[in-house]
Amino acid sequence: IKAIESPNKDDDTQWLTYWVVYGVFSIVEFFSDIFLSWFPFYYMMKCGFLLWCMAPSPSNGAEFLYHRIIRPFFLKHEARLDSVVKDLKDKA
């Protein structure tokens, strides 16, 4: 997220955004997979969702989800997340 929000846009922002969305999706799925796997066609819908997220089109799902959900949450809690990461680095 820090690389996406940096002023230097020479990097591959589209793929960084995709991997941030994928990482958040994987964390949510880890805790809810036992319930979601009972839904019919769950794995087909998951595949379609991930294809939508990585599609190189104007309606890119990763960009949409990042700007609508992940970025506002991150900016709201950025100071707290930075302090947690700093504490973990100090302990390591």
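Tell me which residues, restricted to the range 30-50, are in a helix (DSSP H, G or I), of a type outside the set (Gly, Ala, Ser) and open to solvent by less than 100 Å² (accessible area, probe 1.4 Å).
33, 36, 42, 46, 47, 49, 50, listed by residue number.
Hey, does the range 20-34 have a residue that's acidic (Asp, Glu) and over 16 Å from the mean Cα position of the chain (by Cα)?
Within the range 20-34 (the criterion being acidic (Asp, Glu) and over 16 Å from the mean Cα position of the chain (by Cα)), the answer is yes, since at least one residue qualifies.
The values are calculated or read from the model by the stated rules, or taken from the named source; none is laboratory data. It should be emphasised that the depicted structure is a prediction, and the values quoted were computed from it without experimental measurement. Quick note on the areas: whole protein, heavy atoms, side chains included, nothing else; ligands and nucleic acids left out. Shrake-Rupley method; radii C 1.70, N 1.55, O 1.52, S 1.80 Å.
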